[in-house]
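Everything on this sheet refers to the single structure shown next.
Derivation of every value follows stated rules applied to the coordinates shown; laboratory data play no part. Just so it is clear, the model here is predicted, and its values are computed rather than measured. Please note: Cβ atoms are built from the backbone with ideal geometry, for glycine as well, and neighbour counts cover all protein chains shown.
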Ligand code: PEP
Ligand code: MG
């Protein structure tokens with residue numbers, strides 16, 4: 001089975017009737033790059049940089065971060081590499097950053113909220129990413145954006161770092177694309193506004209499902225309620241895709257759902273053709289993609305939109321899922 005799947009690595013990622021997809025990889029360290037390349041990923045759709053900050057005693061210095069980002073950019077040889085700025089807090093901790101004790105960490109001080117507060121840390125990371133952008137096709141992504149103001153503040157800091165690098169004659173890609181994670185219901189609901197000020201969206205279904213359904217993604221007791229196929233989630237995915245498409249912006253999905261072949265008909269129905277997933281899922285999704293048909297997309301959404309609950313969503317999806325391996 002493994003060998004049969006491996007043969008697909010060099011085939012194009014497209015439906016049976018020719019709709020092109022990009023199947024990228026989520027990574028958290030350079031160690032994963034061998035597998036990413038071997039499995040023919042179209043790029044790195046999500047580099048979770050927090051792992052550079054974890055399991056150590058102090059913040060990684062600019063040079064250290066630069067070396068890592070540069071290595072990813074170089075090894076991906078011009079393929080798209082989306083570097084997400086620090087997404088700490090919630091379920092991820094740093095021993096050397098004393099975060100406050102919180103009753104609800106996932107609703108607390110985390111991700112972009114920390115970056116906009118600790119601009120020293122944020123600027124160091126942005127400088128390292130920008131410098132590395134000279135060596136490949138790097139793009140920046142902000143996590144946990146909830147408002148236009150947060151996006152604008154982050155972009156102001158980015159512009160400031162760019163000015164500083166220019167003044168120091170440090171090369172960087174001045175046209176580097178900047179996008180955001182869509183993983184909060186608020187971001188979905190204002191995606192029309194956000195789409196006008198970003199280059200791309202990447203939908204983080206892991207957190208989005210948690211926040212839409214008010215189900216802690218780490219809590220075993222309510223794990224049975226954590227349901228990516230809930231009709232509320234489907235509607236959020238659709239609204240996000242429509243607003244991105246309306247303003248001609250890329251939209252991808254980088255949560256676990258992207259690597260779940262059951263969800264593939266949803267992406268086809270919504271015209272979402274960029275997916276980023278754990279490297280082990282890429283070939284399995286490609287196998288299923290190669291047997292899918294774009295021509296069914298409008299029928300799929302018609303049926304999905306009429307589903308009253310998640311079990312009927314799963315039932316509709318099962319009719320369209322093709323997988324022989
Ligand atoms: C997500 O929330 O879907 C996501 C991709 O990010 P993380 O799992 O790192 O929170
Ligand atoms: Mg997330």
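What angle, in degrees between 0 and 90 and rounded to the nearest 10, separates the Cα long axis of helix 148-167 from the longest principal axis of the Cα atoms of the chain?
Approximately 50 degrees, to the nearest ten.
Quick check: from the Cα gyration tensor, does the stretch 197-325 come out rounded (a/c under 1.5), prolate or oblate?
Because its axes are fairly even, with a/c under 1.5, the stretch 197-325 counts as rounded.
What percent does the relative contact order of the chain come to when contacts are Cα pairs within less than 8 Å and at least six residues apart?
Values: 607 pairs, mean separation 64.0, N = 325.
Relative contact order, the chain: 20 percent.
Would you give the gap between the C-alpha center of the stretch 42-82 and the C-alpha center of the stretch 184-262, rounded to a whole Å?
24
Suppose each label sits 7 Å from its Cα in the direction of the beta carbon; what would the residue 314-residue 63 distance come out to in nanometres?
Calculated label separation equals 5.3 nm.
Classify the stretch 42-159: rounded, prolate or oblate, from the alpha-carbon gyration tensor (a ≥ b ≥ c, eigenvalue square roots; a/c under 1.5 rounded; otherwise prolate if a/b is larger than b/c)?
Numbers: a/c = 1.83, a/b = 1.48, b/c = 1.24.
It comes out prolate by the Cα gyration axes.
Quick one: grab the alpha carbon gyration tensor of the stretch 5-89, order the square roots of its eigenvalues as a ≥ b ≥ c, and give me rounded if a/c is under 1.5, else prolate or oblate depending on whether a/b is larger than b/c.
Cα axes put the stretch 5-89 in the prolate bin.
Testing the spin-label approximation: label points 7 Å from Cα along Cα→Cβ at residue 77 and residue 178. State their distance in nm.
3.2
What is the angle, in °, between the Cα long axis of helix 119-132 and the longest principal axis of the Cα atoms in the chain? Nearest 10 is fine, range 0 to 90.
Taking the Cα atoms of the chain, the angle to 119-132 is about 70 degrees.
Given a Förster distance of 41 Å, report the FRET efficiency between residue 192 and residue 6 from their Cβ-Cβ distance, rounded to the nearest 0.05.
0.45
If each residue's Cβ is checked for other Cβ atoms within 10 Å, how do 246, 110 rank with the fewest at the top?
246, 110
I want to verify a result. In a Gaussian network model of the chain, Cα cutoff 10 Å, which of these has the top mean-square fluctuation: 170, 189, 236?
170
How much length is gained if the chain between residue 14 and residue 31 is pulled fully straight, taking 0.36 nm per residue apart and subtracting their Cα-Cα distance, in nm to one decimal?
Values: separation 17, 0.36 × 17 = 6.12 nm, distance 2.78 nm.
Length difference between fully extended and current span is 3.3 nm.
To the nearest 10 degrees, how steeply does helix 310-320 sit against the main Cα axis of the chain, on a 0 to 90 scale?
That helix lies at roughly 70 degrees to the long axis.
How many angstrom lie between the C-alpha centres of the stretch 293-317 and the stretch 91-121?
Each part reduced to its Cα centre gives a spacing of 39 Å.
Can you tell me how much longer the chain between residue 223 and residue 54 gets when fully stretched, taken as 0.36 nm per residue apart minus their C-alpha distance, in nm with one decimal?
58.2 nm
Sort 81, 215, 209, 316 so that the residue with the fewest other Cβ atoms within 10 Å of its own Cβ comes first and the one with the most comes last.
If I rank by nearby Cβ atoms, fewest first, I get 215, 316, 209, 81.
Rank-order 55-63, 176-184 by packing density, defined as the average count of other C-beta atoms within 10 Å over each peptide's residues, highest first. Walk me through the intermediate numbers first.
Working: 55-63: 12.1, 176-184: 23.1.
In decreasing order of mean packing, 55-63, 176-184 become 176-184, 55-63.
May I ask you to sort 273, 166, 221, 119 by Cβ crowding, counting other Cβ atoms within 10 Å and putting the fewest first?
Ranking 273, 166, 221, 119 by Cβ neighbours within 10 Å, fewest first, gives 221, 166, 119, 273.
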